[in-house]
Amino acid sequence: MPRYLWQVTYSPEGAQGLLTEGGTARHQEITRMVESVGGTVESCYYALGGRDLFVIGDVPDEVAAATLGIRTAASGAARSESVVLLTPQQIDEAVRRDAEYRPPGT
């Protein structure tokens, strides 16, 4: 299953909901949402800085990942950016594959 890092930024309404519900309740809801598309949550961390929350998990495919992003954005409570994560073994496979490429200007 593809693994993702979701970087979440709360809107003011989402931050208000976090104040009301707390972090544990939101973690449970995020886990429920990911599981509803056939995925799992490995970890969930709140953060200080440019992003409010980082979630790492697996979902069956890109459509499931898109579903999560669309539903999150449609809520108006948060915006999520999905990053595909690759294992070291997947990178090993990638560097063994050949691809035709011509650099610009050559």
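Values for this structure:
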| item | result |
| --- | --- |
| Filter pass, residue 3 being more than 10 Å from the chain's Cα centre (by Cα), among the basic types (Lys, Arg) and open to solvent by 60 Å² or more (accessible area, probe 1.4 Å) | no |
| Among residues of segment 21-57, those that are crowded, with 18+ Cβ neighbours inside 10 Å and part of a strand (DSSP E or B), counted | 5 |
| Flag for residue 66 being modelled with pLDDT of 95 or more, aliphatic (A, V, I, L, M) and over 11 Å from the mean Cα position of the chain (by Cα) | no |
| Inter-residue pairs, beta-carbon under 7 Å, first closer than 13 Å to residue 72 by Cβ and in segment 1-21, second open to solvent by 40 Å² or more (accessible area, probe 1.4 Å) and in a helix (DSSP H, G or I), 6+ apart | 10/18 |
| Given (1) loosely packed, with under 11 Cβ neighbours inside 10 Å; (2) touching a Phe, Trp or Tyr at 6+ places or on another chain (Cβ under 8 Å), index of the condition residue 65 fails | (1) |
| Selected residue (criterion: nearest to residue 36 (Cα to Cα)) from residues of segment 47-86 that are β-branched (Val, Ile, Thr) and touching a residue at least 60 places away in the same chain (Cβ under 8 Å) | 72 |
| All positions within segment 74-99 that are under 17 Å from residue 5 (Cβ atoms) and either assigned to a helix (DSSP H, G or I) or open to solvent by 80 Å² or more (accessible area, probe 1.4 Å) (or both) | 79, 84, 86, 88, 90, 91 |
| Total residues in segment 67-106, condition among the polar types (S, T, N, Q) and touching a strand residue (DSSP E or B) at 6+ places or on another chain (Cβ under 9 Å) | 4 |
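The values are calculated or read from the model by the stated rules, or taken from the named source; none is laboratory data. Here the structure is a predicted model, which is why all the values come from computation and not from measurement. All Cβ positions, even for glycine, are placed from backbone atoms using ideal geometry, and neighbour counts span all protein chains on display. These area figures cover heavy atoms from the full protein model, side chains too; ligands, DNA and RNA do not enter into them. Shrake-Rupley method; radii C 1.70, N 1.55, O 1.52, S 1.80 Å.
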